[in-house]
Amino acid sequence: MNSAVLKLSKSEIQKLKTYYTDYLLNKKVPYSDFSAKKNGISITAYTSGKVLFQGNNAEQEAARWGNATGSPAKKSSNLPKNFASLSVLGSDEVGNGSYFGPLCVCAAYADKEQLAVLKQLGVKDSKMLTDDQIRKMSITIKELIPYRLLVVNPEKYNEIQPKYNAVRMKVALHNQAIRLLLEQIAPTKPDAILIDQFTSEANYMKYVKQEPQWVEEKIYFVTKGEQYHLSVAAASIISRASFLEELDKSSLELGMKVPSGAGKPSDELAAKLLRQGGIDLLKKYVKLHFANTEKAQKMV
């Protein structure tokens, strides 16, 4: 099992706890402040200040936080010089770890002439913004820069998922969003393409070559991509706003607040839907392969 450890201050741990609210576990680990589980990765924050990440992609999840201060990430040796000031096409996704709601993938192109405006607007890592800020900022960003947003609702997700595992599905969506955006901005060509890394480059290439059309231009892969270029931060905000909008729609349809994440509130709502309309109703709103489905069935 892969693992990674961060040493954080009390305020930084509180930021993590807020972010992982929807993934918190009821069990109490000795000498810990909290424990959570997201996308198969266990996160345990100890009173000593150490935070342990365990599971596949544990290092990647930990790297998203770095020192958790929100300061700019260190320069990656893999990226071109002055990368943050280049014209870049960046992509990111939201919803992969949430039982309810869609999977949203967005590619956004930020020309170097637009970077100052985006920065002035306050574009940054969506984890550092409130939902209200994200909703408002997304509207302005979409008016400023070219983007392509792909939204896979739960019904479509459940139809695809048996053939595409979670990683392959994200690879296919990122590839499609990037390809469509490149066509949209042509003949303009970005100085670089950056994906907020969710799997190894080798794994990405293995899956993308199975797609009918795949982007052959050089692509860079970096965790915490939103800290390396505003294009990825913009893509993250657009994706998150779309995800929130879809949750709102589901809440209106059901007459109940639909939660994000994959915690106990998700289990309880899923059980209600099973009682109302069985699996046929549930599959319209959730990603069925999550462990939450089995938990909800046991509750029923």
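Just a few scattered comments:
- Of all residues in the stretch 212-238, those satisfying the criterion of being under 14 Å from residue 147 (Cβ atoms) and either open to solvent by 10 Å² or more (accessible area, probe 1.4 Å) or touching a Lys or Arg at 6+ places or on another chain (Cβ under 8 Å) (or both) are 230, 233, 238.
- Verdict on residue 300 being over 22 Å from the mean Cα position of the chain (by Cα) and either open to solvent by 40 Å² or more (accessible area, probe 1.4 Å) or over 30 Å from residue 82 (Cα atoms) (or both): yes
- Residues that are closer than 19 Å to residue 97 by Cα, under 18 Å from the mean Cα position of the chain (by Cα), assigned to a helix (DSSP H, G or I) and not acidic (Asp, Glu) do not occur anywhere in the stretch 186-196.
- Failed criterion for residue 165 (all others in (1) farther than 27 Å from residue 82 by Cα; (2) polar (S, T, N, Q); (3) open to solvent by less than 50 Å² (accessible area, probe 1.4 Å) hold): (3)
- Residue tally, condition over 30 Å from residue 189 (Cβ atoms), in contact (Cβ under 8 Å) with a residue 60 or more places away in the chain and open to solvent by 70 Å² or more (accessible area, probe 1.4 Å), over the stretch 109-161: 3
- Only residues that are within 28 Å of residue 2 (Cα to Cα) and surrounded by fewer than 16 Cβ atoms within 10 Å (Cβ to Cβ) were counted in the stretch 175-209, giving 7.
- In the stretch 270-288, the residues that are of a type outside the set (Asp, Glu) and out of contact with any helix residue (DSSP H, G or I) (no Cβ under 8 Å at 6 or more places or on another chain): 272, 275, 276, 277, 278, 279
The values are calculated or read from the model by the stated rules, or taken from the named source; none is laboratory data. No experiment lies behind these values; they were computed from the predicted model shown. Using ideal geometry, Cβ is built from the backbone for each residue, glycine included, and neighbour counts are taken over all protein chains shown. Each accessible area value is taken on the protein alone, full model and side chains, heavy atoms only, with ligands, DNA and RNA left out. Shrake-Rupley method; radii C 1.70, N 1.55, O 1.52, S 1.80 Å.
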